[in-house]
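> Sharing a structure, written as structure tokens. Questions coming.
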Amino acid sequence: MATAQLLSLSGVSKEFPGVKALNNVHFDLNKGEVHALVGENGAGKSTLMKILSGIYKKDTGEITYQGNHVNVSSPIEAHHLGISIIHQELNLMPHLTVAENIFIGREDRKKVRPFLNKTMQNKAAAALLAELSLNLDPKTLVGDLTIAKQQMVEIAKAVSYRGEVIIMDEPTSSLTPAETESLFAIIRTLKAAGKGVVYISHRLEELEQISDRITVIRDGEYVKTLNTKETNIPEVISLMVGRTVDQDQRPDVRPMNSDVVLKVEGISTRNLLKDVSFELKRGEILGFAGLMGSGRTELARALIGADPKTDGKVFLKGQEVKIKSPSDAVEAGIGYLSEDRKRFGLLLIQNVTFNVILASIPGFTKFGFVKSGPAAGIARDAIAQLKIRTPSEKQLVKNLSGGNQQKVVIAKWLTRNCDILIFDEPTRGIDVGAKDEIYKLLTKLASEGKSIIMISSELPEVLRMSDRIAVMCEGRLTGIIDNKDADQPTIMQYATKYRD
Amino acid sequence: MSDVLKTAGEEVQGESKIKEIIRREIGQVLALGSLVVLFAFFSIMRPVFYSWANVSNGILMSTTVTGLLAIGITFVIITGGIDLSIGTGTALCAIMVGKLVVAWHLNLAGGVIVGVVVGGLLGVVNGILITLLKLPPFIATLATMKAAQGLALIISQMRPIHFADGVKGWDQIAQGNLIPQIPNGVTILFVGATIASIILNRTVLGRYTFAIGSNSEATKLSGVKVDRWLIAIYALCGIYVGLAAVMLTSRLGSAQPDLGLGYELEAIAAVIIGGTSILGGKGSIRGTIIGALIMSVLINGLRILELQQEWQYVVVGIVIIFAVWSDNVRRRRAGDVS
């Protein structure tokens, strides 16, 4: 394997108002190499990559690309240099076809100037997809594809620029194991072709399979670059968080109260859910496992009245309650923490206080006037209690890291005094250190008597946290297992029960 | 009257406090600065510009109608919505006030109540179309804009309604001087702005206005009855439309069925110049008032400089572009990218 250096960043610093996002960071990339960049959320991985792809301007530092000093001042320039980035949030246009998405902005108009040559475009796209062994029709609308397939389209698009450097920011966060495998196959193809791949992921176990080197950054500072063969996951984690974290844990056996707080009977929806029933006890963490599309999020949304149910009853402490809208659910003391915090959980452009009191504003009012003192007080309490890292309660939530944003959402529901909390992928997009804090927080909440439904696609997380584990498959609940009887193979069996 | 939750717990060190306020409210500081500069410029060019007669009647009085409309629509724009019906809604309210005051021999208070009720109902209709029928605000209020225009013409049978024979002292609502030297219309504008600012910054309705504009889905999932609050917000906007209609009729001494179309765009321009984000979630009444004053000073000043009306329009267009562009540049510099 050639070890010619393709790219190097040295001494890169970047400051946002009030935050030093990067301080003297180094990173380099060789031809034919997969170089992983890891660090906690807010460590500065994305900022570094946005500098490299021309979205942000660096304050200081140098970028050397193929032996020349370069100044990547815009995304277009990055493309011209041959640097492509695949963002964590997909940037595709759902109403356009696969081919149109791949070639957007570079449509082939040679024949008759103002008109697109669709046939040519489709042919080129087909060739590209074949090259990457992707089984996709160039004429399909992107909106009709699964998230995983859309991810593949993004990769094809990045490859189509024929650049030398491809940056992948959390490419596997929404992929199944099989899909992850096919992504790795593509990455290996790119590697063999001498491209350099920067790979950002929170799934550390993947790094052993796919990366050659691993660079760790923490709090905007460069920590260390390791050869993957000479290191192991615990070492990487301890470098990321600056201490050691236990990976494979089970919950302490908590004295279980037998009071049933929530009873769900036969919930069905028009499209997916079929006759789902379960009970949730006081102080319990009930994990919900299942594959993508098994209906766990849909169950949560139907339960809180965000989507209509066609059938089913909900009992709170033995009393039937009619939940027709999220406000009914909140009234009943059920708080929902979505997997997509930015879309469904937070007011990003508002401050911490506002977000913390959002679900309980009437409780902070007198004659319709909001009492600002108590509101700020409760926000400061929440910041202290949940260890939310923010300069003050007046900081805008969009400036916080993922883990701290999640804590703000938790604070919102605690302020509302909800007894039942539904966490949908509580640690999605959250780094290892902050994950640990979220886990501790969930355990603490449960031991204080809150009842928690925890939807998670990460089996170690489900096994670590849940007292009991409910498994769903294709809209049905296929089993509820006690933690002591559960392991990954058992859960997977239930999760695939209704499959052919 | 600054944002209550932002200033909450603002017992920070004395000297950095002023700096912080300036940094946070830089958009408004700049807008206010432009207003002062414009005022100084016209005053130097034509000293008559800063005479009290011109300031009170030429500038402030001519701000009352669009100013009140702009205050109302500020709430709607902060929710991320728009209300195109406020212009022709003004005409409809004016005609209803005129008809009922004359027909029922209402006193002044009765007339004002009619205006506010009709405006509020128009707002409720807009709110219902947007929430229950789920029409986009632009479409819903485009429809009610046309409907209000038609109704104003139908009800008035296309004839102006004169107040002189209906109610005594109707002209005093806007033109009297409860406070010496200051026309009532101006007093009402500033009282209306103060009340709106208190509502926006300190009440539940105001908090939900910002919350809905920041992320209506998250607000709904937090248990807020977003639909009801939206209807209330559009109704509040309508109430200001009713007030604007009363001011207009009082100044003219009559209700004109075809006067109002286009006012909505003047009001929206004032809101935008004042720094309220058309994307929702950000904005202030103070900014809106500054924006409305900038428009009035500009128009009045250009008129005194004897610039032709056609050219006045062009200048206003350029000012809008400049205001929004400079605001964008500033935000981008501050790293305030979304």
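> Working only within segment A:360-379, note down all residues that are facing another protein chain (nearest Cβ under 7 Å) and either within 22 Å of residue A:406 (Cα to Cα) or assigned to a loop (DSSP other than H, G, I, E, B) (or both).
A:361, A:368, A:375, A:376
> Another question, if that's okay. Residue B:260 is checked against (1) within 14 Å of chain A (Cβ to nearest Cβ); (2) within 17 Å of the chain's Cα centre (by Cα); (3) not hydrophobic (A, V, I, L, M, F, W, C) and fails just one. What number does that condition carry?
For residue B:260, the exception is condition (1).
> Same structure, new question: Answer yes or no as to whether residue A:486 is more than 24 Å from residue A:40 (Cα to Cα), buried (at least 21 other Cβ atoms within 10 Å of the Cβ) and in contact with a helix residue (DSSP H, G or I) (Cβ under 8 Å, 6 or more places away or on another chain). Lay out the reasoning, then the answer.
On the way: more than 24 Å from residue A:40 (Cα to Cα): yes; buried (at least 21 other Cβ atoms within 10 Å of the Cβ): yes; in contact with a helix residue (DSSP H, G or I) (Cβ under 8 Å, 6 or more places away or on another chain): yes.
Yes: the conditions hold for residue A:486.
> Go through segment A:449-470 and count every residue that is assigned to a strand (DSSP E or B) and either acidic (Asp, Glu) or farther than 11 Å from residue A:482 by Cα (or both).
Start the filter on segment A:449-470 by keeping residues that are assigned to a strand (DSSP E or B), which leaves A:451-455, A:468-470.
Of the ones still in play, those that are also either acidic (Asp, Glu) or farther than 11 Å from residue A:482 by Cα (or both) are A:451-455.
Total satisfying the criteria: 5.
> Hey, another quick one. Being at negative phi, within 14 Å of another protein chain (Cβ to nearest Cβ), assigned to a helix (DSSP H, G or I) and not charged (D, E, K, R) is true for just one of A:434, A:382, A:446. Which residue is that?
The unique qualifying residue is A:382.
> Taking segment A:459-478 only, how many residues are of a type in the set (Gly, Ala, Ser) and over 22 Å from residue A:177 (Cα atoms)?
1
> Pull up segment A:56-72, narrow it to residues that are of a type in the set (Val, Ile, Thr) and touching a residue at least 24 places away in the same chain (Cβ under 8 Å), then point me to the one that is farthest from residue A:8 (Cα to Cα).
My answer is A:60.
> Please find, among A:43, A:78, A:99, A:21, the residue that is among the small types (Gly, Ala, Ser) and in a strand (DSSP E or B).
A:21
> Restricting the search to segment A:24-40, which residues are in a loop (DSSP other than H, G, I, E, B) and over 24 Å from the mean Cα position of the chain (by Cα)?
Selection gives A:31, A:32, A:33.
> Condition first: without any contact (Cβ under 8 Å) to a residue 40 or more places away in the chain, buried (at least 18 other Cβ atoms within 10 Å of the Cβ) and within 26 Å of the chain's Cα centre (by Cα). Now tell me which residues in segment A:124-147 satisfy that.
Selection gives A:136 alone.
> Now for a separate question. Could you list all residues from segment B:220-235 that are crowded, with 24+ Cβ neighbours inside 10 Å and within 13 Å of chain A (Cβ to nearest Cβ)?
B:221, B:222, B:223, B:224
> Taking segment A:309-354 as the search range and keeping residues that are among the aliphatic types (A, V, I, L, M) and farther than 23 Å from residue A:477 by Cβ, which one is farthest from the other protein chains (Cβ to nearest Cβ)?
If we filter segment A:309-354 for residues that are among the aliphatic types (A, V, I, L, M), which is where we start, we get A:314, A:316, A:321, A:323, A:329-330, A:332, A:334, A:337, A:346-349, A:352.
Next cut, farther than 23 Å from residue A:477 by Cβ only: A:330, A:346-349, A:352.
On the way: A:330: 3, A:346: 6, A:347: 4, A:348: 7, A:349: 5, A:352: 10 Å.
Step by step, filter segment A:309-354, then rank; the result is A:352.
> Only one of these is under 23 Å from residue A:190 (Cβ atoms) and of a type in the set (Asp, Glu): A:33, A:15. Name it.
A:33
> Could you look through segment B:279-338, keep only residues that are closer than 27 Å to residue B:72 by Cβ and of a type in the set (Phe, Trp, Tyr), and pick out the one that is nearest to the other protein chains (Cβ to nearest Cβ)?
Top of the filtered list is B:325.
> Please state which one of B:161, B:188 is farther than 30 Å from residue A:416 by Cα, more than 14 Å from chain A (Cβ to nearest Cβ) and in contact with a strand residue (DSSP E or B) (Cβ under 9 Å, 6 or more places away or on another chain). Spell out the reasoning first.
Numbers: B:188 fails: in contact with a strand residue (DSSP E or B) (Cβ under 9 Å, 6 or more places away or on another chain).
Within the list B:161, B:188, the selection yields B:161.
> Further question on the same structure: For residue A:391, all conditions in the list (1) touching a residue at least 60 places away in the same chain (Cβ under 8 Å); (2) closer than 19 Å to residue A:300 by Cβ; (3) more than 9 Å from every other protein chain (Cβ to nearest Cβ) hold save one; what is the number of the exception?
Of everything listed in (1) touching a residue at least 60 places away in the same chain (Cβ under 8 Å); (2) closer than 19 Å to residue A:300 by Cβ; (3) more than 9 Å from every other protein chain (Cβ to nearest Cβ), residue A:391 misses just condition (2).
> Here's another thing I want to ask about it. Do we have any residue at all in segment A:147-162 that's in a loop (DSSP other than H, G, I, E, B) and under 19 Å from residue A:228 (Cβ atoms)? Break it down stepwise before answering.
Step one: of segment A:147-162, the residues in a loop (DSSP other than H, G, I, E, B) are A:161-162.
Those left that are additionally under 19 Å from residue A:228 (Cβ atoms): none.
Scanning segment A:147-162 turns up no residue that is in a loop (DSSP other than H, G, I, E, B) and under 19 Å from residue A:228 (Cβ atoms).
> Further, regarding this structure: From (1) surrounded by fewer than 20 Cβ atoms within 10 Å (Cβ to Cβ); (2) over 25 Å from residue A:290 (Cα atoms); (3) not polar (S, T, N, Q), pick out the condition that doesn't hold for residue A:393.
(1)
> Follow-up question, since we're still on this one. Check residue A:355 against each of (1) closer than 15 Å to residue A:407 by Cβ; (2) in a loop (DSSP other than H, G, I, E, B) and name the one condition it does not meet.
Exception for residue A:355: condition (2).
> Considering only residues that are touching a Phe, Trp or Tyr at 6+ places or on another chain (Cβ under 9 Å) and more than 7 Å from chain A (Cβ to nearest Cβ), which ones fall in segment B:209-218?
B:209, B:212
> Here are some residues: A:410, A:420. Which one is modelled with pLDDT of 95 or more, crowded, with 20+ Cβ neighbours inside 10 Å and out of contact with any helix residue (DSSP H, G or I) (no Cβ under 6 Å at 6 or more places or on another chain)?
A:420
> Something else about it: Would it be correct to say that residue A:217 is in a strand (DSSP E or B), more than 18 Å from the chain's Cα centre (by Cα) and crowded, with 20+ Cβ neighbours inside 10 Å?
It is true that residue A:217 is in a strand (DSSP E or B), more than 18 Å from the chain's Cα centre (by Cα) and crowded, with 20+ Cβ neighbours inside 10 Å.
> Across segment A:315-362, which residue is nearest to the chain's Cα centre (by Cα) among those that are surrounded by 24 or more Cβ atoms within 10 Å (Cβ to Cβ) and among the aromatic types (Phe, Trp, Tyr)?
A:336
> On to the next question. So is residue A:105 at pLDDT 80 or above, surrounded by fewer than 20 Cβ atoms within 10 Å (Cβ to Cβ) and part of a loop (DSSP other than H, G, I, E, B) or not?
no
> Would you be able to tell me the number of residues in segment B:142-172 that are surrounded by 19 or more Cβ atoms within 10 Å (Cβ to Cβ) and not in a loop (DSSP other than H, G, I, E, B)?
Qualifying residue count for the region: 8.
> Could you list, in sequence order, all residues of segment A:66-88 that are over 26 Å from the mean Cα position of the chain (by Cα), within 26 Å of residue A:172 (Cα to Cα) and of a type in the set (Gly, Ala, Ser)?
A:82
> Output yes when any residue across segment B:84-92 is buried (at least 20 other Cβ atoms within 10 Å of the Cβ), outside any helix (DSSP H, G or I) and either within 17 Å of the chain's Cα centre (by Cα) or among the β-branched types (Val, Ile, Thr) (or both), and no when none is.
Scanning segment B:84-92, I find at least one residue that is buried (at least 20 other Cβ atoms within 10 Å of the Cβ), outside any helix (DSSP H, G or I) and either within 17 Å of the chain's Cα centre (by Cα) or among the β-branched types (Val, Ile, Thr) (or both), so the answer is yes.
> Could you tell me whether any residue of segment B:244-255 is modelled with pLDDT under 95, surrounded by fewer than 24 Cβ atoms within 10 Å (Cβ to Cβ) and either over 20 Å from the mean Cα position of the chain (by Cα) or within 14 Å of another protein chain (Cβ to nearest Cβ) (or both)?
Yes, segment B:244-255 contains at least one residue that is modelled with pLDDT under 95, surrounded by fewer than 24 Cβ atoms within 10 Å (Cβ to Cβ) and either over 20 Å from the mean Cα position of the chain (by Cα) or within 14 Å of another protein chain (Cβ to nearest Cβ) (or both).
The values are calculated or read from the model by the stated rules, or taken from the named source; none is laboratory data. The model shown is predicted, which means the values in this text are computed figures rather than measured ones. Every residue, glycine among them, receives a Cβ derived from its backbone with ideal geometry; neighbour counts consider all protein chains shown.
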